[in-house]
Amino acid sequence: MAEEKSFKYVIVGGGVAAGYAAREFSKQGLKPGELAIISREQVPPYERPALSKGYINLENKATLPGFYVCAGSGGEKQFPQWYKENGIELILDTEIVKADLAAKTLVSGTGQVFKYQTLLAATGSSVTRLSDFGVQGADAKNIFYLRELDDADELVTAMDVKKNGKAVVVGGGYIGLELSSALKVNNLEVTMVYPEPWCMPRLFTAGIASFYEGYYANKGINIVKGTVAAGFSTNSNGEVAEVKLKDGRTLKADIVIVGVGARPIISLFKGQVEEEKGGLKTDAFFKTSVPDVYAIGDIATFPMKLYNEMRRVEHVDHARKSAEQAVKAIKAAEEGKSIPEYDYLPYFYSRAFDLSWQFYGDNVGETVMFGDNDPKSPKPKFGSYWIKEGKLIGAFLEGGTPEENKAIAKVARTQPSVESLNVLSKEGLSFATKI
Ligand code: FDA
Ligand code: NAD
């Protein structure tokens, strides 16, 4: 029988939140052997955003160990040696298949048993698959998804083999926009397909989206909107050859990349932990309904104090900050102390081609656009504000300097009153920079 191992703290999942939690544990003081990270991935925690950017740029490839956490926030890179030196056991290539929270026990796929006193659940998200919607032929070769390093490695190999070939990108969200750019930069002929009237509808207004669609079109990317992939046909090797669209059209394809959303991985905890909005419900310290069990990163549905609402966030900044908050809360509780509640300002960003945008706050209410949003402009810089009940509550900026990005973060946090949308539109970015 496999040996049973026991730890004071166990983090299940070895992604962004796990890596930042480990750093916070080591800052707060950790005895050797107290903490274990159990991850099904074969490498230590890394900055996942690199997978859709530098890691798949064949000409100028970012490689590990260059993007181990906490490189993405300007911190020290945590090499395998870092975990050793900090007395943290990294248990890689190990999937937990059962969690018995009453018995404080985890069991791996190979039957290894891990006991803990405090558990941090950091299992992140998995991709939504086209087969989940019953799309015919969706298991053909060269249809890719992107979540983990192995997925990115497979994609890089295929891009190399299918050099100068045709790629179809299914989905117009984060993955769709970032991967289309990466494929184009790698000299593939790219077509994007998505059902909505414009890309990234969960954040972009029609005005914002029209800039990116224009810019992508100028780069030679073909955009097909208002329809979905309904099926795939293959060649004699079982490789994808054609994408059949619901509207009857077909697109030739050597590679297909799918980015149609993600779902939090919470099946281990089903029936044991209270859930909300698809995630594990937590308080402002990321404590779940089960004593000594915390949930951080993508899987946590937590109180967003600023908007007085329970929310789940699938972005890296929150993965880092929720991890730090949970560890601080755990350590403070051990000393009979308390810490302030999590007070998160949503922050999302993306980079593609030479573009780079940041968004802070909430994207509800009326909108006002400002700046130069001509896709042909040599140095486009534009943005949008969201105004609700007379207050500015969200701000988006493409092409901002670090100072300007700080300014839009500040207005989204301070929520200044807006007297007139016309005046705000005329003032544009200077409304934020003067505050
Ligand atoms: P994360 O997914 O990082 O880690 C979860 C870990 O748990 C994985 O290692 C997984 O293998 C492991 N695991 C799951 N179940 C397990 C089990 N049963 N046993 C053991 N291990 C298990 N965000 C952003 O703000 N800006 C950006 O530019 C990007 N870019 C980006 C690119 C790509 C390709 C992806 C997929 C995602 C992004 N994101 C992003 C989103 C961001 O990366 C994401 O929100 C964080 O990685 C979430 O961190 P977590 O630690 O919660 O999950
Ligand atoms: P997403 O939610 O951003 O976009 C999903 C898109 O799928 C929708 O916009 C829609 O266009 C499309 N869609 C839905 N059903 C479809 C269908 N049947 N056919 C074709 N298109 C369909 O999800 P994603 O882009 O897959 O990203 C996955 C995860 O990775 C998310 O958690 C995201 O936050 C994260 N991510 C974030 C970043 C970033 O923050 N810069 C970058 C990459 C990935």
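Numbers below:
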quantity	calculated
Exclusive hit being more than 10 Å from ligand 2 (Cβ to nearest atom) and not assigned by the TED database to the domain that holds PHE359, set GLU178, GLU196, GLU189	GLU189
Test: residue in region 327-340 that is outside any loop (DSSP other than H, G, I, E, B), acidic (Asp, Glu) and closer than 30 Å to LEU35 by Cβ	yes
In region 242-282, the residues that are more than 30 Å from ASP343 (Cβ to Cβ), of a type in the set (Gly, Ala, Ser) and surrounded by 20 or more Cβ atoms within 10 Å (Cβ to Cβ)	ALA253, GLY259
Residues of region 258-282 satisfying the condition of being assigned to a strand (DSSP E or B) and free of Cβ contacts under 8 Å to residues at least 40 places away in the same chain	GLU275, GLU276, GLY279, LYS281
Odd one out for ASN57 among (1) within 18 Å of the chain's Cα centre (by Cα); (2) within 16 Å of ligand 2 (Cβ to nearest atom); (3) of a type outside the set (A, V, I, L, M)	(1)
Conditions (1) among the acidic types (Asp, Glu); (2) at positive phi; (3) in contact with a helix residue (DSSP H, G or I) (Cβ under 8 Å, 6 or more places away or on another chain); number of the one not met by GLU341	(2)
Within region 306-349, considering residues that are within 16 Å of ligand 1 (Cβ to nearest atom) and not assigned by the TED database to the domain that holds THR282, the one farthest from GLU404 (Cα to Cα)	TYR342
Residue identified as under 26 Å from THR367 (Cβ atoms), out of contact with any Leu (no Cβ under 8 Å at 6 or more places or on another chain) and at pLDDT 95 or above among GLU239, GLU196	GLU196
Single residue of region 392-425 satisfying the filter (charged (D, E, K, R) and in contact (Cβ under 8 Å) with a residue 40 or more places away in the chain) that is nearest to GLY361 (Cα to Cα)	ARG413
Number of the condition not met by TYR194 [criteria: (1) more than 26 Å from HIS318 (Cβ to Cβ); (2) of a type in the set (Ser, Thr, Tyr); (3) without any contact (Cβ under 8 Å) to a residue 60 or more places away in the chain]	(1)
Check on ALA21, more than 24 Å from GLU178 (Cβ to Cβ), within 15 Å of ligand 1 (Cβ to nearest atom) and buried (at least 24 other Cβ atoms within 10 Å of the Cβ)	yes
Index of the failed condition, ILE339 passing every other in (1) under 25 Å from THR414 (Cα atoms); (2) away from ligand 2 (no atom under 16 Å from the Cβ); (3) within 23 Å of the chain's Cα centre (by Cα)	(3)
Residue list for region 179-196, restricted to those being crowded, with 22+ Cβ neighbours inside 10 Å and within 16 Å of ligand 1 (Cβ to nearest atom)	LEU179, SER180, SER181, ALA182, LEU183
Count of residues meeting criterion [in a loop (DSSP other than H, G, I, E, B) and closer than 26 Å to LEU179 by Cα] in region 48-87	16
Test for SER322: is it at pLDDT 95 or above, more than 16 Å from ligand 2 (Cβ to nearest atom) and outside any strand (DSSP E or B)	no
Selection status of ALA36, in contact with a strand residue (DSSP E or B) (Cβ under 7 Å, 6 or more places away or on another chain), assigned by the TED database to the domain that holds PHE25, within 16 Å of ligand 2 (Cβ to nearest atom) and not charged (D, E, K, R)	no
Residue, farthest from the chain's Cα centre (by Cα), within region 68-121, restricted to residues that are hydroxyl-bearing (Ser, Thr, Tyr) and closer than 18 Å to ALA323 by Cβ	TYR116
Region 26-47, residues that are away from ligand 1 (no atom under 15 Å from the Cβ) and either closer than 23 Å to LEU101 by Cα or part of a helix (DSSP H, G or I) (or both)	SER26, LYS27, GLN28, GLY33, GLU34, LEU35
Near pairs, Cβ below 9 angstrom, 6+ apart or cross-chain, from region 375-391 (at positive phi) to any residue that is among the small types (Gly, Ala, Ser) and surrounded by fewer than 18 Cβ atoms within 10 Å (Cβ to Cβ)	GLU389/GLY365; GLY390/SER417
Members of region 100-114 found to be touching a residue at least 24 places away in the same chain (Cβ under 8 Å) and surrounded by 15 or more Cβ atoms within 10 Å (Cβ to Cβ), listed by number	LEU101, LYS104, LEU106, SER108, GLN112, VAL113, PHE114
Within region 283-293, considering residues that are assigned to a loop (DSSP other than H, G, I, E, B), more than 12 Å from ligand 1 (Cβ to nearest atom) and hydrophobic (A, V, I, L, M, F, W, C), the one surrounded by the most Cβ atoms within 10 Å (Cβ to Cβ)	PHE285
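The values are calculated or read from the model by the stated rules, or taken from the named source; none is laboratory data. This is a predicted model, so every value here is computed, not measured. A quick note on method: Cβ atoms are made from the backbone with ideal geometry, for glycine too, and the neighbour counts reach across all protein chains shown.
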